[in-house]
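Here the structure comes first, spelled out in structure tokens, and everything after it is commentary.
The values are calculated or read from the model by the stated rules, or taken from the named source; none is laboratory data. Quantities reported herein were computed from a predicted structural model and do not represent experimental measurements. Here the Cβ positions follow ideal geometry from the backbone for every residue, glycine too, while neighbour counts run over all protein chains shown. Areas reflect the complete protein model, heavy atoms only, side chains present, ligands, DNA and RNA absent. Shrake-Rupley method; radii C 1.70, N 1.55, O 1.52, S 1.80 Å.
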Amino acid sequence: MNKRKFQRAFTLMELMIVIVIIGILSAVGMVMFGGQAAKAKTAATKSIQKQLVTYITIEMMNCSMGETTTMGGSLTCSGRTPASVVAATVTSQAGEHKNPFDVDKAAVTSGGNNTADADAGYIRLSVSGQNIIAKSCNTTPCSTAANKEEKSIAFQ
């Protein structure tokens with residue numbers, strides 16, 4: 001006796017329903033997780049600035065405690081000035097941190113502003129009297145004060 005085997009397959013309607021459900025789930029996922037990249041860039045910029053302020057403070061403290069050079073040999077402790085600390089910091093940090101908004105460029109620079117949207121992600125070091133100023137624009141628009149940070153480091 002020859003029994004005929006029936007093969008069961010999905011109907012076109014069942015396949016269409018599955019496709020619609022996947023589409024709805026992906027749309028909801030995009031709405032929920034779509035802004036995470038921007039938040040990560042903002043957090044990275046804030047973190048780099050905080051690490052940099054700590055780094056400068058510790059390296060200057062090393063000079064005060066008798067070291068002859070710091071910052072990977074970029075800063076000679078005797079005769080240092082706030083400007084030489086800024087220059088040594090930029091040199092020693094050149095390959096350490098990338099700009100989260102433009103990963104082809106280093107995040108730490110000397111001089112410059114943090115007011116244009118193109119300044120987002122940069123940590124700009126400058127000198128004001130005997131203080132080293134680290135300023136950044138954490139997210140666009142950079143013209144908004146709430147999107148910028150500025151830290152002052154006392155020269156030691």
Give the residue, chosen from Ser92, Ser143, Ser126, that is among the polar types (S, T, N, Q), open to solvent by less than 50 Å² (accessible area, probe 1.4 Å) and over 18 Å from Ser47 (Cα atoms).
-> Ser126
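Can you give me the number of residues within segment 14-41 that are of a type in the set (D, E, K, R), surrounded by fewer than 13 Cβ atoms within 10 Å (Cβ to Cβ) and within 18 Å of the chain's Cα centre (by Cα)?
Final tally of qualifying residues: 1.
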Filtering strands (runs of 3 or more DSSP E) wholly in segment 42-156 for at least 2 residues that are more than 22 Å from the chain's Cα centre (by Cα) and in contact (Cβ under 8 Å) with a residue 12 or more places away in the chain gives 123-128
